[in-house]
Amino acid sequence: MFKKVKKQTACVLATSLLIVMSSGCTHNMRITNADDYFVPPAAVPKQTIKLGVTSTNSSHPQNSKYINAIVDALQRNSSVERVIYPYTTANNKDQADAVIDLSVKPHYDGKGSNFFVNWPGFLIFAPAIWGYGYTADISTEAIVTNVKSGKSQQLSIPAHYEFRQAEIDRTWTEVGWLEIGIIPLIGGIAFTGYDDDLTPEFIKNVAPSYGPYVATKTTRAVLESLGYN
């Protein structure tokens, strides 16, 4: 009888621990270097511009969101009177002062330090406290064309972001508490890589800094090409 009660108690404690871990072992996404790309509001110029925007990424389910972030920032830029997106020569001829063709190529990666976050970090619930570390290198190419002169220039705008996050699909390995730590050890090796599930949330979180950053650089290039600076 005593053994049966002891076994039931152990099962209850194990179940309770799993419930607590599954409900609490998460870390909301946080971009740790977003301030590196902060763009302060610019003064309204004497002359504003009309822009057309094109992109081969417009049909991509994820990369199109980067383009949308740039377009949104251009629409809120004090130097821009109007943004036409998507711009086509057939439908929008003579409606823009310049056309910006955008191309975005992101590369995502996980940090090697994630191994130590998972093991022996599981002992202090490090994944939930600090989250796993990731990086995103967003390569943005912009071809700015002066509609009147037909002259074009190409801009390369790199951006490197670092962020941290943890979800239950990885922190479940903290069940290592219930055994000798083999599960988090193996998980630590696997979790040094990037988690593809994070991409939609990352784009949503990075848009407020990435969009204005690229929009400001491309707008300056347009103003210079038109002789407004």
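The values are calculated or read from the model by the stated rules, or taken from the named source; none is laboratory data. All of these numbers come straight from a predicted model, not from anything done at the bench. Using ideal geometry, Cβ is built from the backbone for each residue, glycine included, and neighbour counts are taken over all protein chains shown. Only protein heavy atoms, including side chains, enter the accessible area calculation; ligands, DNA and RNA are left aside. Shrake-Rupley method; radii C 1.70, N 1.55, O 1.52, S 1.80 Å.
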Quick one: which of Lys46/Lys105; Lys93/Lys151; Lys46/Lys151 span more than 25 angstrom between C-alpha atoms?
Lys46/Lys105
Efficiency by 1/(1 + (r/R0)^6): what FRET value for Lys46 and Asp137, r their Cβ-Cβ distance, R0 = 30 Å, to the nearest 0.05?
0.20
Can you work out ³J(HN,Hα) from phi for every residue in region 141-146, in order, using Karplus 6.51 cos²θ - 1.76 cosθ + 1.60 and θ = phi - 60°, giving whole Hz and x for Gly and Pro?
10, 10, 9, 9, 10, 6
For Val222, what charge total do you get from the other residues with a beta carbon under 14 Å from its beta carbon, if Lys and Arg give +1 and Asp and Glu give -1?
+2
Run the 1.4 Å probe and let me know the accessible area of Val44, rounded to the nearest 10 Å².
110 Å²
